[in-house]
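Notes follow once the structure below has been shown.
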Amino acid sequence: MNPATQRPWRIAVIPGDGIGTEVATAAVGVLEAAARAFGLELDFVWFDLGAEKYLREGVSLPDPVFEDLRDHYDAIFLGALGDPRVPGQRHAHDILLGLRMRLDLYINQRPVKLLHPDLTPLKGKTAQDLDFVIFRENTEGLYVGVGGTFKQGTPDEIAINEMISTRRGVERIIRAAFEHARGRGLKRVCMADKANVLTHAHGLWQRVFKEVRAEYPDIESRHLYADVAAMELVRAPEDFDVIVTSNMFGDLLSDLAAQLVGGLGLAPSGNVHPGKAGLFEPVHGSAPPLAGQDVANPFAMILTGAQMLEWLGAEAAGAAIEEAVRQALAAGEATRDLGGTLGTRAAGAAVTARISAG
Ligand SMILES: NC(=O)c1ccc[n+]([C@@H]2O[C@H](COP(=O)([O-])OP(=O)(O)OC[C@H]3O[C@@H](n4cnc5c(N)ncnc54)[C@H](O)[C@@H]3O)[C@@H](O)[C@H]2O)c1
């Protein structure tokens, strides 16, 4: 997906806070095994960014570090950010939103795949039924922070957040979803919106969707209102291949979807913009109560690594990592959150061993 990239790939690792370091260490071990098995050159550089640095030095993402990440890396591999000692999670905001916004990573790509039949709460649904991807718009919508408060702290207080949709922003995410479908031989793209009530912003989404879909006659396309899409994801997940949606609805639908295939411990994501360094992170946070105990599930971070390799162009290595996780789950080699008995390091080693064994 990122044709500008040449090997060896330079990957910036930001382990971050809490369980971030543990899951990043396990996942980098898996990626190194995959690199050996598939003849890839992966150059990992670890970055000390996160709560500790912020508390120690008062810096979150200094400009020279941002510029280094932007100019010298193919991908950024982020564990998690969030620490109760930092008021307002200022550092996490600066690093995570700073990278997403400053690199203009407009695609939040969240694959949803059932890797073990026992992991879905849906009766009778199989791995064939639960295999789709969500393209969430990542730079606009209701999350841009435009708005304000008036008469704050009084009974007359007014609070406003404005939803921003631009023609350019809407078109590029819809097009990315169709391109992904076509590139992967997927048959269906569904847009989830609320044009019935958000008549202005999502009226634009509807108009752009109609125009763009006309360029992809080989792909079946439909739209669902986002609330109906939530119901349909539970009732008939097999009807979806690619879902494209706005920032807020993507946030909600992708968490619902993650829970259909095993939850946070297995949910990967990528923030990408073709031609730029992609930011790959598990959906979960830093889980402070679990930190430093070797109990966190590393599979979401490992699957995030697989997604990163696929995006860089090493599809076979990415697929092999996913298959190794599938086999580990089938063998019951998992952490406690999935009913297993392994620690973080051992769960990572279980995947590494399968990749190294070929
Ligand atoms: N992208 C990110 O970096 C990101 C995402 C979400 C939350 N956060 C931050 O993380 C901190 C904690 O947030 P939270 O508790 O709401 O969400 P969280 O994802 O850290 O934890 C939610 C629940 O899931 C469990 N969990 C999460 N990841 C797990 C794993 N890998 N293995 C086993 N169990 C796991 C946790 O123990 C907890 O019960 C906060 O500071 C929050 O702002 C960061």
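Please treat every number below as a calculation from the coordinates, not as lab data. Just so it is clear, the structure is predicted and the values come from calculations on it, not from any experiment. Glycine gets a Cβ as well: all are built from the backbone with ideal geometry, and neighbour counts include every protein chain shown.
Some values worked out for this structure:
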{"quantity": "Dipole-positive endmost among Pro121, Ala229, Ala296 within the chain (Cβ charges, Cα centre)", "calculated": "Ala229"}
{"quantity": "³J(HN,Hα), Karplus 6.51/-1.76/1.60, whole Hz, each residue of segment 115-121, x for Gly, Pro", "calculated": "9, 8, x, 6, 8, 9, x"}
{"quantity": "Residue (of Ile243, Ala357, Ile164) at the positive-pole extreme of the chain, dipole from beta-carbon charges", "calculated": "Ile243"}
{"quantity": "Net charge dipole size for segment 217-288 [Lys, Arg +1 and Asp, Glu -1 on Cβ; Debye, nearest 20]", "calculated": "240 debye"}
{"quantity": "Highest-fluctuation residue, Ile19, Ile158, Ile174 considered, GNM on the chain with Cα pairs under 10 Å", "calculated": "Ile158"}
{"quantity": "The chain: relative contact order in percent, alpha carbon pairs under 8 Å with at least 6 residues between", "calculated": "25 percent"}
{"quantity": "Projected label distance in nm at Ile160 and Ala316, using a 7 Å step from Cα toward the beta-carbon", "calculated": "5.7 nm"}
{"quantity": "Nearest-20 debye value, the chain charge dipole, Cβ charges on Lys, Arg, Asp, Glu", "calculated": "500 debye"}
{"quantity": "Length gained when the stretch Met101-Asp43 is fully extended (0.36 nm per residue, less Cα-Cα span)", "calculated": "18.4 nm"}
{"quantity": "Relative contact order [Cα under 8 Å, 6+ residues apart], segment 272-332, whole percent", "calculated": "26 percent"}
{"quantity": "Cα gyration tensor shape of the chain, rounded if a/c is under 1.5, else prolate or oblate by comparing a/b with b/c", "calculated": "rounded"}
{"quantity": "Among the listed pairs Lys194/Lys276; Lys125/Lys276; Lys53/Lys151; Lys53/Lys276; Lys113/Lys194; Lys125/Lys187, those beyond 29 Å (Cα-Cα)", "calculated": "Lys194/Lys276; Lys125/Lys276; Lys53/Lys151"}
{"quantity": "Rounded to the nearest 20 debye, dipole of segment 121-260 from Cβ charges on Lys, Arg, Asp, Glu", "calculated": "300 debye"}
{"quantity": "Top positive-direction residue, dipole computed over the chain with Cβ charges, set Gly262, Gly332, Ile76", "calculated": "Gly262"}
{"quantity": "Segment 80-136: C-alpha gyration tensor shape, a/c 1.5 cut-off, then a/b vs b/c", "calculated": "oblate"}
{"quantity": "Most fluctuating residue given options Leu119, Leu252, Leu97, as computed from a GNM of the chain linking Cα atoms under 10 Å", "calculated": "Leu252"}
{"quantity": "Cα gyration tensor category, rounded, prolate or oblate, for segment 121-260 with a/c compared to 1.5", "calculated": "oblate"}
{"quantity": "Whole-Hz couplings from phi, Karplus 6.51/-1.76/1.60, listed for segment 293-307; x for Gly and Pro", "calculated": "10, 6, 10, 5, 7, x, 5, 4, 5, 5, 5, 5, x, 5, 4"}
{"quantity": "Qualifying trypsin sites (Lys or Arg not before Pro) in segment 183-276, DSSP loop, other Cβ atoms within 10 Å at most 14", "calculated": "Lys187"}
{"quantity": "Extension gain, His200 back to Ala127 (0.36 nm per residue minus Cα-Cα distance, nm)", "calculated": "22.5 nm"}
